[in-house]
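Beneath this line is the structure, given in structure tokens, with notes to follow.
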Amino acid sequence: MKSFDEMTPKEIVQELDKYIVGQYEAKKAVAIAVRNRIRRQKLPEEWRKEVLPKNILMIGPTGVGKTEIARRLAQLSGSPFLKVEATRFTEVGYVGKNVDSMIRDLVEISVNMVKQEKIKEVERQAEELVEERILDALVPESKAMPVVTNPFINLITGGQQQQYTPEDRRRFRAKREEMREKLRKGELEDEEIEIELEETVSPFMGIFGPGMEDLGIEITNMFSGMLPKRKKKRKMKVSEARKVLLPLEAEKLIDMDKVVQEALDRAQNRGIIFIDEIDKIAGKESAVGPDVSRQGVQRDLLPIVEGTTIMTKYGPVRTDFILFIAAGAFHVSRPSDLIPELQGRFPIRVELSPLTEEDFVRILKEPENAIIKQYQALLSTEGVELVFTEDGIREMARIAYQLNQRLENIGARRLYTVAEKVLEEISFEAPDIPEKRVVVDAEYVRRRLEKIVQDEDLSAYIL
Ligand SMILES: Nc1ncnc2c1ncn2[C@@H]1O[C@H](COP(=O)(O)OP(=O)(O)OP(=O)(O)O)[C@@H](O)[C@H]1O
């Protein structure tokens, strides 16, 4: 497959089509935005400053695919992705989370992402090291080889030296290889062994008050190299030791400095931050009350979206090329209620349409991870073939759509609760189903949902 940077906006949209039904305008907008970011990165330094980043404002009701589009785009482009809610932030200087923290969180996600990738690369090598460590525990040298005291050597060394004859060594190696074979065959998984684990003693955790967690972690991190490492012996089964040791051995093999460098680079140049509920911090100006702090949050957002440097525990991070996607329903407020400067930072506006009953039908069956495909995959693990008839799918879509009209419109999220209820019984019975083929048709769907749908209170709870 082509690398993401070579993909045209059209191809990006095609990829997104595999997961998200409809919402063409929004897909097109994000495809253009990421492409523009790549274009901007290629500009000469002096031009880069002139061309403002093209951030996006998505307007649309809940559950119609706003987050999903951004998340899939991030996945496709190998970008670190963070979703935050604008309402969670408070103005700098007040108790609570400052907007800066979103950059620190993004970097953290990026570090984890790169670290996981690097760990994957060294996994084979780490598995070999884990095997050696388990063998060390299964066949300890001192037990496998008798201590021979040679009076002459003792005289010279003060009696500390252990002497092994070549024969001892040969036997020891043979024993070890024998155990290795058993280990590989999986015969020793339940064997109990003693493993020595290293842990850093941190005297700093817990002495910082609420809201200071960042600082606590930062200080602990700063000193982690200097802090004493305590060795602790733990008894566990071989199978458990594998799980515990693998990340530890893998971590020793990767170069954390390089990981951090790459992670910073990735966060700065590819990061995507999705700011949900932006409409909730837009509001008419008033002198006192919460509006002041909402505007404060908007003001704090400005430099970040515009391009500034934020200090993180991994080093300074520039925000110039991070793509920001703000989203909201804007039922009460309007985009024009945001402070003008912020409006200007989100020049790409897209409206997402409410989903129709027909969209629901497609969402149920078409995406690569479609809901009905998920259930089919789950049940196939127990040998049950789940078949949905076209009218069965339509009935689920119809009921979900009606419930949205009657109760609260939560978009495609309704499909999840409806499908869960329809398939609850089958999921429960699966292991005992004799014929191993179950057909879900309109009749079946109605039977499962009828009672609940008719009862207003009940549907509000269950569907
Ligand atoms: N157009 C769509 N195509 C496929 N799946 C969709 C679509 N819209 C929503 N979904 C599914 O519904 C769920 C909720 O969607 P999503 O998280 O994108 O909502 P949203 O529009 O961001 O709403 P909110 O602002 O409340 O988070 C997701 O699991 C998503 O897969």
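No value in this document is a laboratory result; all are computed from the given coordinates. Since this is a predicted model, take the numbers as computed values, not measurements. Here the Cβ is made from the backbone with ideal geometry for all residues, glycine too, and neighbour counts use every protein chain on show.
In this structure, the amide hydrogen of Asn409, modeled 1.01 Å from its nitrogen in the peptide plane, lies closer than 5 angstrom to no residue at least 5 positions away or on a different chain.
Cα centroids of the stretch 1-36 and the stretch 59-115: 20 Å apart.
For the peptides 110-116, 239-245, the ranking by packing is 110-116, 239-245, with the highest mean count of neighbouring Cβ atoms within 10 Å listed first.
Solvent-free Debye calculation, one equal scatterer per alpha-carbon of the stretch 355-452: log10 I(q)/I(0) at 0.10, 0.21, 0.23 Å⁻¹ equals -0.25, -1.06, -1.24.
The 3J(HN,Hα) values that the Karplus relation (6.51, -1.76, 1.60; θ = phi - 60°) gives for the stretch 182-198 are, in residue order, 4, 4, 5, 7, x, 7, 10, 4, 8, 5, 8, 9, 10, 10, 9, 10, 9 Hz. Gly and Pro appear as x.
Taken over the stretch 21-146, the convex hull of the Cα atoms encloses 257 Å³ per residue.
For the stretch 301-416, the calculated P(r), taken from all Cα-Cα distances in 5 Å bins from zero up to the bin holding the longest distance, is 2, 9, 13, 13, 11, 10, 10, 11, 9, 7, 4, 0 percent.
Tell me the volume per residue, in Å³, of the convex hull enclosing the alpha carbons of the stretch 72-114. Hull volume normalised by residue count: 69 Å³.
What separates the Cα centres of the stretch 264-283 and the stretch 315-339 is a distance of 6 Å.
Spatially, the stretch 398-434 and the stretch 355-378 are offset by 12 Å when compared through their Cα centroids.
Pairs with C-alpha atoms separated by more than 29 Å, drawn from the list Lys83/Lys365; Lys27/Lys83; Lys120/Lys231; Lys185/Lys243; Lys18/Lys49, are Lys18/Lys49. Partners of Lys451 within straight-line reach, counting lysines whose Cα lies under 18 Å from its Cα and excluding those fewer than 8 residues away in the same chain: Lys421.
Charge tally around Met311: other residues with Cβ under 9 Å, Lys/Arg +1 each, Asp/Glu -1 each, net +1.
Of the beta bridges DSSP finds with both residues in the stretch 247-404, what % are antiparallel, to the nearest 5? Percentage antiparallel, nearest 5: 50. Rounded to the nearest whole Hz, the Karplus-based 3J(HN,Hα) values (6.51 cos²θ - 1.76 cosθ + 1.60, θ = phi - 60°) of the stretch 119-128 follow the sequence 4, 4, 5, 9, 4, 4, 4, 5, 4, 5, with x at glycine and proline. Among 32-41, 117-126, sorting by the average number of other beta carbon atoms lying within 10 angstrom of each residue, highest first, gives 32-41, 117-126. Amide H contacts of Thr312: Val317, each under 5 Å away and 5 or more positions distant or on a separate chain (H built 1.01 Å from N in the peptide plane; Pro and chain starts excluded). Seen from Asp168, the other residues with C-beta closer than 11 Å to its C-beta sum to a net charge of +3, counting Lys and Arg as +1 and Asp and Glu as -1. Taking θ = phi - 60°, what integer Hz values does the Karplus form 6.51 cos²θ - 1.76 cosθ + 1.60 yield along the stretch 237-250, in sequence order, with x for Gly and Pro? After applying 6.51 cos²θ - 1.76 cosθ + 1.60, I find 6, 4, 4, 6, 4, 4, 5, 6, 7, 4, x, 5, 5, 4 Hz. Packing around the peptides 6-13, 414-421, taken as the average count of other Cβ atoms within 10 Å per residue, puts them in this order, highest first: 414-421, 6-13.
Under 5 Å from the amide H of Val440 lie the amide H atoms of Val387, Phe388, Thr389, each residue being 5 or more positions distant or on a separate chain, with H modelled from the backbone and absent for Pro and chain starts. The stretch between Glu85 and Glu192, if pulled fully straight at 0.36 nm per residue, gains 33.8 nm over its current Cα-Cα span.
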